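Peer 1: What follows is a single structure, and I will ask about it in a moment.
The values are calculated or read from the model by the stated rules, or taken from the named source; none is laboratory data. All of these numbers come straight from a predicted model, not from anything done at the bench. Note: ideal-geometry Cβ built from the backbone for every residue, glycine included; neighbour counts use all protein chains shown. Just the protein is used for accessible areas: all its heavy atoms, side chains included, with ligands, DNA and RNA removed. Shrake-Rupley method; radii C 1.70, N 1.55, O 1.52, S 1.80 Å.
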Amino acid sequence: MKLLEKILVPIDINIDSKEQINTAIKIAKLSDSEIFILYVLPEEGLKGAIKDLVFSSATKALDKIKNVFVKEGITVCEPVIKYGKPVDKILKMAAKEDVNLILTGSGSKKEEKKIKRGYTAEKLMRQSKKPVWVVKSDKANKLKNILCPVDFSEHSKCALKTAILLSKFFNARLTILGVYEEYANYSPRFTMDIETENAHRLKQFEREMEEFIKEFDLIGINHNIEIEAGSAHVEILKTIEENDHDLLVMGTHGRSGIKRFVIGSVTEKVTREVPCSFITTKTEVVFNVQCDNEVNEIETHYKIANDLFKNGHYNDAIGQYLICLQINGMHIPSLFKLSETFRIIDDSAKAKYYGDMANDILTKLWDDGIAKDIKKYYTSGNQ
């Protein structure tokens, strides 16, 4: 199943790209994506033998990175080296290859305990029409705890749809956050009851959130909805810090006015200091509509299979689990349930086959600790 046809991975060989590459591997394996690697060299300051030497060194470094993807069984094109301004070249290649996602490193540095995003990542976020995923180089991207702030705009709808799909495929917890502005009376000429006004604002915001959420399918998603009062960017950063979110998904534009925040300016403020990886979207969902339909199809067959399993109709359940694998050959829950079902009907060879397949996928996608947690979850009767 192709969730993302093409991912552009702009590499800076002068900084640590380990987490960027690891994240690209996880996403590419999940979505059967084709990887495009790009490195941009400056136009000025490189001449003659020095230029040839730098180009040769960059080529060797990119070939090593390409081989990392190849060893993981991922389709990757020959790395491309361009001369010029990084953002311009990245955007041109993204348009030329019609990629679905730009997955870049943060290039961040710690300053006074705050993590600053890099210049290239900042400009990409501002200018790219494609979704941009910025991976923090100094924090493991586990993709298990996702935060999506919303302001009820079309852009936040796009962001939430992306966050929901990521939560489904990575079995991640999703927090949907809304922030409203409280009223503060600084003038003695106004006698408005502040507590009454703020209670009214909260109720109205809760109604808007309820209507907004109705548009999304959150069945089977481990999620919670939080509403906070205050400054949007402050509350977003506070929520990330207090709950250890490892991925933020935000729209880059929104609407202003009472009870809504201007998500463009908020995104600007948040991503300057956000301590985790983040995705910014404008009008394009990271995963396509076909993916959403296929997700729903998998969920339908998986539910039918589990009902059949619970009622002892093991052979019929096997058929439904296999349909799930036809849609997505890396559907971990179906693999574990097939192993369990074949074990019950005394087919130890097939039980081992599907169990080994599930463990192999987990080992490739996740580190040992996370893989063990996921295996424990799916083999302890939760599904």
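Peer 1: Within region 123-135, is there a residue that is of a type in the set (Val, Ile, Thr), closer than 18 Å to Leu237 by Cα, modelled with pLDDT under 95 and surrounded by fewer than 22 Cβ atoms within 10 Å (Cβ to Cβ)? Quick ask: steps written out before the conclusion?
Peer 2: Going through region 123-135, the residues of a type in the set (Val, Ile, Thr) turn out to be 132, 134-135.
Narrowing further to those that are closer than 18 Å to Leu237 by Cα: 134-135.
When the remaining residues are screened for being modelled with pLDDT under 95, the result is 134-135.
Narrowing the set further to residues that are surrounded by fewer than 22 Cβ atoms within 10 Å (Cβ to Cβ) leaves none.
Taking every residue of region 123-135 in turn, none turns out to be of a type in the set (Val, Ile, Thr), closer than 18 Å to Leu237 by Cα, modelled with pLDDT under 95 and surrounded by fewer than 22 Cβ atoms within 10 Å (Cβ to Cβ).
Peer 1: Select from region 58-77 the residues that are in contact (Cβ under 8 Å) with a residue 40 or more places away in the chain and over 24 Å from the mean Cα position of the chain (by Cα) and list them in ascending order.
Peer 2: If the condition is that a residue be in contact (Cβ under 8 Å) with a residue 40 or more places away in the chain and over 24 Å from the mean Cα position of the chain (by Cα), then Ala58, Ala61, Leu62 are the ones that fit.
Peer 1: Right, next: For residues in region 255-287 being out of contact with any strand residue (DSSP E or B) (no Cβ under 8 Å at 6 or more places or on another chain) and under 11 Å from Cys158 (Cα atoms), which is modelled with the lowest pLDDT?
Peer 2: Per the stated criteria, the residue is Phe287.
Peer 1: Tally time: how many residues in region 217-234 are more than 13 Å from Thr175 (Cα to Cα) and crowded, with 16+ Cβ neighbours inside 10 Å?
Peer 2: Total satisfying the criteria: 3.
Peer 1: Exactly one of these conditions fails for Val179: (1) under 21 Å from the mean Cα position of the chain (by Cα); (2) crowded, with 19+ Cβ neighbours inside 10 Å. Give me its number.
Peer 2: The one condition Val179 does not meet is (1).
Peer 1: Of all the helices (runs of 4 or more DSSP H) wholly in region 1-115, which have at least 2 residues that are open to solvent by less than 70 Å² (accessible area, probe 1.4 Å), modelled with pLDDT under 90 and on the phi < 0 side of the Ramachandran plot?
Peer 2: Where helices (runs of 4 or more DSSP H) fall fully within region 1-115 and carry at least 2 residues being open to solvent by less than 70 Å² (accessible area, probe 1.4 Å), modelled with pLDDT under 90 and on the phi < 0 side of the Ramachandran plot, they are 18-31.
Peer 1: Residue check: is His155 touching a Gly at 6+ places or on another chain (Cβ under 7 Å), open to solvent by 10 Å² or more (accessible area, probe 1.4 Å) and not small (Gly, Ala, Ser)?
Peer 2: yes
Peer 1: Restricting the first residue to region 339-351 and requiring it to be in a loop (DSSP other than H, G, I, E, B), which pairs with a second residue that is polar (S, T, N, Q) and open to solvent by 50 Å² or more (accessible area, probe 1.4 Å) meet a Cβ separation below 8 Å and a spacing of at least six or different chains?
Peer 2: The qualifying pairs are Ile345/Asn315.
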